[in-house]
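All of the numbers you see were taken from the coordinates with simple rules; none came from a lab. These figures come from a predicted structure and were not determined experimentally. Here Cβ is always computed from backbone atoms with ideal geometry, including for glycine, and neighbour counts include all displayed protein chains.
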């Protein structure tokens, strides 16, 4: 089954063709990161306009790369939420037009569920059940993948997601956008124990995530450092190592993500652990998971960086498994959903 997927939820315009959910025939990702870095973050109106300009060239390049035409496509899949509403509308409208013109089924794909499927492309041997940590700019979830299209949510975000926590502090210390990769780079070789930042532990032994307290603690540290720097007439990061600050802050995020996921694996007796989403590209997160899973004799799976960030390969992959599971295609009244809880695709544990 040949599926063409479209992803336009934020600042990447992506089109991909995937065979039988696992074999990538072509993939085009047009990133807007450099453009939005001028503004310190994604500007929704600019993102929407760029998607509209880029999506047709991306489709043509994707078909050329695969050596195919639209008539070779068996089904279409598109991210319909969550994300920036204007950006989503571009992808959804385009996918509906393609499906209508080709008289082929269209599947509405949940963006976060799509990230989980990135592991199925990377690891051909990976089969459910497995546990997956999905961590990105707007989401932090621990999901029990019971079957290819059957998920159970074990934990979620109470306030700020891990990626947002990286982005906010990266901007504050002058590293810019996107924050996660920049903090990761700044932290390499630095002392991750230089500052002991708080790790939130929620009541009732909840495995949910909360990074607002950590973010506040980091901002307080920066404010105090800047006050001292003004007194001395110096640059704040001439007084204190920005690399050590970045490493300590990153460690506080990574340790919570890993600890909660490993505890979930123990509670649900799962021996296969995967990670997904933009934060899954973080080198410290991967290294810590490798160590933690080896210690408990569990198998660890992680996608290559290109499959961690937003892409259409994961959307096409999940579309295939949705079709195989007998899920109904969408009709052409499909609407984009800026806010779309993962509950739309999963059960609550």
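At a glance:
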| read-out | value |
| --- | --- |
| Rounded tilt (10° steps) of 44-66 against the dominant C-alpha axis of the chain | 50 |
| Helix 242-268 axis, angle to the chain major axis (alpha carbon atoms, nearest 10°) | 60 |
| Crossing angle, helix 162-172 versus the chain [Cα axis fit, 0-90 degrees, rounded to tens] | 50 |
| Cα gyration tensor shape of region 36-141, rounded if a/c is under 1.5, else prolate or oblate by comparing a/b with b/c | oblate |
| Burial ordering of 319, 299, 149, fewest other beta-carbon atoms within 10 Å first | 299, 149, 319 |
| Candidates 229, 33, 165: whichever shows maximal mean-square fluctuation once the chain is modelled as a Gaussian network with Cα springs under 10 Å | 229 |
| Mean residue ellipticity (222 nm) of the chain, computed from DSSP H runs ≥ 4 via -39,500 (n - 2.57), nearest 500 | -14500 deg cm²/dmol |
| Percent antiparallel among DSSP beta bridges (both partners in the chain, rounded to 5) | 55 |
| FRET E, pair residue 325, residue 216, Förster distance 30 Å, beta-carbon r, rounded to 0.05 | 0.10 |
| Gain on full stretching of the segment that runs from residue 223 to residue 200 - 0.36 nm per residue minus C-alpha separation | 6.1 nm |
| Gained length - residue 103 relative to residue 193, 0.36 nm times residue gap less alpha-carbon distance | 26.6 nm |
| C-alpha center-to-center spacing [region 1-55, region 128-180] in angstrom | 19 |
| Within a Gaussian network of the chain (alpha carbon springs, distance under 10 Å), most fluctuating of 126, 88, 144 | 126 |
| The chain, relative contact order [Cα under 8 Å, separation at least 6], % | 26 |
| Packing rank of 219-227, 154-162, 206-214, 273-281, where each peptide gets the mean count of other beta carbons within 10 Å, highest leading | 273-281, 154-162, 206-214, 219-227 |
| Where labels lie 7 Å past Cα in the beta-carbon direction, separation of residue 146 and residue 304 in nm | 3.4 |
| Region 42-93: C-alpha gyration tensor shape, a/c 1.5 cut-off, then a/b vs b/c | oblate |
